[in-house]
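Asks: The following block contains the structure, expressed as structure tokens.
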Amino acid sequence: MKRRAVKVVRMTIYEINTGDTAWVLMGAALVLMMTPALAFFYGGMVRSKGVLNMLMMSFVSMGIVGVLWVLYGYSMAFGDSWHGIIGNPFQFAGMRAMTDAVVGPEGDQIPAFAFSGFQAAFAIIAVALISGAVADRMKFSSWVVFSALWATLCYFPAAHWVFAFDGLTATHGGWIANQVKAFDFAGGTAIHINAGAAALALAVVIGPRIGFRTTPMRPHNLTLVMLGAGLLWFGWFGFNAGSALAANGLAAMVWVNTLVAAAAAMLGWLATERIRDGHPTSLGAASGLVAGLVGITPACAVVTPLGAIAIGALTGVCCACALGLKFRFGVDDALDVVGVHLVGGIVGTLAIGLFAKGSLSGGHAGLLYGGGLDQLGRQALGAVAVLAYSLVLSFAIAKAIDATMGLRIDAKAESAGIDLGEHAESGYDLSRVQYSSYSKSIVVPRTPDPKERIDA
């Protein structure tokens, strides 16, 4: 009897920390929930005729980026680096070679799939944030194309620069993380400055809404805004504390810093409104807490809770004051993405150079803790690099789309409402006249004859 050769494959079994894995997976779910929360937040801020489009712009980002992340996004962000600029797009393409891969130091390792899913949720909300700047006027098809191109050309490389540390998922990582050594614990530069700069570029290219600076464009549903802000605050604990990649003391401190920074920013924003306008507003409270969350995101692991309060209050005041600049310069950032996320991201990133405590930052103390200007310079370099890169490339992408398929809906559709023009739907139907999205026709119920008997 002829013997058959048998190939033996030996697999290395890693010790997975189940508690840390559970924490990261829960954090990923919380961060993913932030995108629908953002949709509510943005949806309430627009006029009623554009609420569905605003929701759709956030939701479709989940579909686009979710697929691109698996195909090549994770590889571009966390693959082995080419000169610190971009990861190998083929290394983990399609999630290959991921089944037995782990992330983290020995004894505290989590599956690479858990880390990848966590970072995917980051990529999704980074794209969704931009949509608020072009509310009520951007073609949905153009937004889909812009989202795919921006994620590929702007977010994935920037995430590599900031988040890919040497030895984390590949031998070599990004230049900001490893050469510049600027701190960005959870995405102040890679997400908020990056998305804020893109929002500014896109708003400039597409132009202002019809009636900007002459017609009141008040939020149609402040209840929805407050709901969205509350859910964002809830999800942000996964955003920041989950970035510890372990259920440990660092995650606990980050959790507290995230809480108090948002609280202080809300109070700072409300105080600014009270002094400047004579009254605090619910929109200000919601915007203030989001600004505080943005500001503490890069710094949450290297400052004390008192430092977090200072950063939150500073961010709230700065962002509240920055909102008026769009009217001065004529740039219609419809939902204040630039004023909250770009300005907040810059304030939070630079604040590390002031408030970082040496015992928390590996000896790289901020100016107020005796560290001099060194770390402040590193933070500024990282912020300027991401801002400039995203601003220029986002502008080029927007111009290319505008020249080919067009960015903006026509004036008639914008005046009537983008929901009907782009989606053949309406967010609110309170009349007896129904609009059919299938037949694209008006359905008018027959008025009954008074002589006819109407049964209850």
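None of the figures in this text is laboratory data; all of them are computed from the coordinates on show. From a predicted model like this one, the values you see are computed outputs, not experimental measurements. Cβ atoms come from the backbone with ideal geometry, glycine included; neighbour counts cover every protein chain shown.
Asks: I want to check a number: in region 18-410, how many lysine pairs have alpha carbons closer than 24 Å, given a sequence separation of 8 or more or different chains?
Replies: Numbers: LYS49/LYS139; LYS49/LYS326; LYS139/LYS326; LYS139/LYS399; LYS181/LYS357; LYS326/LYS399.
Final tally of qualifying lysine pairs is 6.
Asks: Charges only on Cβ, +1 for Lys and Arg, -1 for Asp and Glu: so what's the dipole of region 146-304 about the Cα centre, in debye to the nearest 20?
Replies: Magnitude of the dipole: close to 400 debye.
Asks: Further question on the same structure: Tell me the label-point distance for the pair ASN248, SER141, using the 7 Å Cα-to-Cβ offset, in nm and rounded to one decimal.
Replies: In this crude label model, ASN248 to SER141 measures out at 5.1 nm.
Asks: What fraction of the DSSP beta bridges in the chain is antiparallel, stated in percent and rounded to the nearest 5?
Replies: If we restrict to bridges inside the chain, about 90 percent are antiparallel.
Asks: Just to be sure I understand the rule: take each whole DSSP H helix in the chain, project its Cα atoms onto its long axis, keep it if the span is 27 Å or more and its mean Kyte-Doolittle hydropathy is at least -0.5. Which ones pass?
Replies: On the way: long enough: 18-45 (41 Å, 1.24); 112-130 (28 Å, 2.14); 222-241 (28 Å, 1.48); 249-277 (42 Å, 0.93); 374-404 (46 Å, 1.00).
Correct list, ordered by number: 18-45, 112-130, 222-241, 249-277, 374-404.
Asks: From Cα coordinates alone, what are the radius of gyration and Dmax values for region 79-123 in angstrom?
Replies: Using the Cα atoms of region 79-123, the pair Rg, Dmax is 11.5, 30 Å.
Asks: To one decimal place, what orientation-averaged projected area in nm² is obtained for the convex hull of the Cα set of the chain?
Replies: With the hull built on Cα positions only, its mean projection is 32.2 nm².
Asks: Mind checking Rg over Rh on region 217-318, alpha carbons, Kirkwood formula for Rh?
Replies: With Rg and the Kirkwood Rh in hand, the quotient comes to 1.02.
Asks: Treat every Asp and Glu Cβ in region 366-432 as -1 and every Lys and Arg Cβ as +1, leave all other atoms uncharged, and give the resulting dipole magnitude about the Cα centre to the nearest 20 debye.
Replies: Approximately 260 debye in magnitude.
Asks: What is the order of CYS319, CYS154, fewest Cβ neighbours within 10 Å to most?
Replies: CYS154, CYS319
Asks: Where the centroid of each part is defined by its Cα atoms, how far is region 306-357 from region 210-245 in Å?
Replies: For region 306-357 versus region 210-245, the Cα centre distance is 15 Å.
Asks: In region 161-178, whose amide N lies under 18 Å from the spot 7 Å out along Cα-to-Cβ of LEU381? List them in ranges.
Replies: Counting only backbone N, you get 161-166, 173-178.
Asks: Can you tell me, using C-alpha contacts under 8 Å and at least 6 residues apart, the relative contact order of the chain as a whole percent? Walk me through the numbers on the way to the answer.
Replies: Details: 922 pairs, mean separation 91.6, N = 456.
Contact order relative to length: 20 percent.
Asks: Can you give me the distance in nm between label points at SER415 and THR215, each placed 7 Å from the Cα along the Cα-to-Cβ direction?
Replies: With each label placed 7 Å out from Cα toward Cβ, I get 0.8 nm.
Asks: Give the calculated FRET efficiency between THR18 and ALA388 to the nearest 0.05, with a Förster radius of 45 Å applied to their Cβ-Cβ distance. Each step should come with its number before you reach the end.
Replies: Numbers: r = 43 Å, r/R0 = 0.95.
My answer for the efficiency is 0.60.
Asks: So what is the 222 nm mean residue ellipticity for the chain from helices alone, if each DSSP H run of at least 4 adds -39500 (n - 2.57) and you divide by all residues, rounding to the nearest 500 deg cm²/dmol?
Replies: Value at 222 nm, helices only, nearest 500: -17500 deg cm²/dmol.
Asks: Taking the Cβ of each residue in HIS160, HIS279 as the centre, tally the other Cβ atoms inside 10 Å and list the residues starting with the fewest.
Replies: HIS279, HIS160
Asks: Where the centre of each part is set by its Cα atoms, how far does region 88-146 sit from region 386-401, in angstrom?
Replies: Centre-to-centre (Cα) distance: 20 Å.
Asks: Calculate the dipole size of the chain relative to its Cα centre from +1 charges on Lys and Arg beta carbons and -1 charges on Asp and Glu beta carbons; express the result in debye to the nearest 20. Intermediate results must be reported in sequence, preceding the final value.
Replies: Numbers: 28 positive and 25 negative charges, 136 e Å.
Once rounded to the nearest 20, the dipole reads 660 debye.
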